[in-house]
Amino acid sequence: MIIRNLALAAIEKLKKTALQEPFGWRGTTCLLIDNHIIRKHKSRPHLSPSFADTQKIVQGLKSQGYYAIENFISRQHCELLVSRLDSALEKNPSLIHPATPYDHRLHGVEQIDDEFLFFAQHPLLQEIADIYLEEPARVAFTLGARLAASPDNPGSGGGWHRDNFMNQFKAMLYLTDTGPDNGPFQLLAGSHHLGRILKDSRILAHPYGSVRMTENDIDALLAKTGQARLHTLTAKAGTVLLFDSRTIHRGAPIRKGVRYALTDYFYPNREITDALYRHFHPVARMN
């Protein structure tokens, strides 16, 4: 017990220093420790996929960090969901996240309108999450988002970022056609791999734990590691994009129109706590 407490104190001291200096050996050590701790939670369930495409999708996620499924729902269904999302936003202004006036985000939209439950409870997405995360997982909430073109908007999510350095999985459903000017999802393919995370972190030289990046940071990163890493995912309404949110990603700045989307936030069951909901406050939740 004494040795364990000494080790924990040493790690805490290491992390405090790493948080305040450019990424180096301390930051590398901290990320490796974090990864080891996460791996200890993985039960590696030997699930037999129920859906024909599950393994192909999981392999795409592991390799590139994303996978796109076209025609996930019909255009008519998308139009219905757009109308219902407009209504939910209009009737629940207190639940719209206040951070970005151009990006209307309602966390927990499936708790407000049952029309959105099909996405939060979709069996294919649930199966993919369980297998990809290698432990029991579920949707903490579904985000309903309406992003309108406005001057100097940084795009959905507030610009380039990783959600965190831990294993997380999201499913985003485009409800409107999303071309190059409509704020398409962008990411650096493969940036979720631990080795790539370490290399990118050394190049950027941000402190350990930093998840936000500027446009200049991304330009510098691509200049050193190759422009081909940047993938821009334009798609028709009804396309669902599955992605590992450890990737470096953003919604591109929207220059025309309005982009509507739903996003399922999958987490390991053990991480879905009151603290998580406080982090995303306000979130519509069941009473």
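Only the coordinates and a few stated rules stand behind these numbers; no lab work does. All of these numbers come straight from a predicted model, not from anything done at the bench. In this analysis, Cβ positions are derived from the backbone assuming ideal geometry, glycine residues included, and neighbour counts consider all displayed protein chains.
Computed values, structure above
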| item | result |
| --- | --- |
| Segment 41-142 - Rg over Rh from alpha carbon coordinates, Kirkwood radius | 1.03 |
| Sequence-separation-based contact order of segment 184-287, relative, with Cα cut under 8 Å and 6+ spacing, percent | 45 |
| Low-density loop positions, GluC sites (Glu not before Pro), segment 44-100 - DSSP coil, at most 16 other Cβ in 10 Å | E70 |
| Within the chain: Cβ-based charge dipole about Cα centre, in debye rounded to nearest 20 (Lys, Arg +1; Asp, Glu -1) | 1060 |
| Placed amide H near R138: partners under 5 Å, 5+ positions off or other chain | Y267, N269 |
| Candidates per chymotrypsin sites (Phe, Trp or Tyr not before Pro) in segment 83-128, loop by DSSP, up to 14 other Cβ within 10 Å | none |
| Nearby lysines by direct alpha-carbon distance to K40 (threshold 27 angstrom, same-chain neighbours under 8 apart not counted) | K13, K15, K16, K56, K62, K170, K199 |
| Where labels lie 7 Å past Cα in the beta-carbon direction, separation of K40 and N5 in nm | 1.8 |
| Among A10, L221, G195 the positive-end extreme of the charge dipole of the chain (Cβ point charges) | A10 |
| Diffusion coefficient, µm² s⁻¹, Stokes-Einstein with Kirkwood Rh over alpha-carbon pairs of the chain at 25 °C and 0.890 mPa s | 123 |
| On Cα atoms only, tilt of 54-64 relative to the major axis of the chain in degrees | 60 |
| Relative contact order of the chain, defined on C-alpha pairs under 8 angstrom at six or more residues apart (%) | 31 |
| Residue (of L32, G108, G158) at the positive-pole extreme of the chain, dipole from beta-carbon charges | L32 |
| Residue-span extension gain [N71 to E215] - 0.36 nm each, minus C-alpha spacing | 48.6 nm |
| Globularity ratio of segment 219-287, using Cα Rg and 2.2 N^0.38 Å | 1.49 |
| Alpha-carbon Rg with Dmax, taken over segment 200-250, Å | 13.1, 39 |
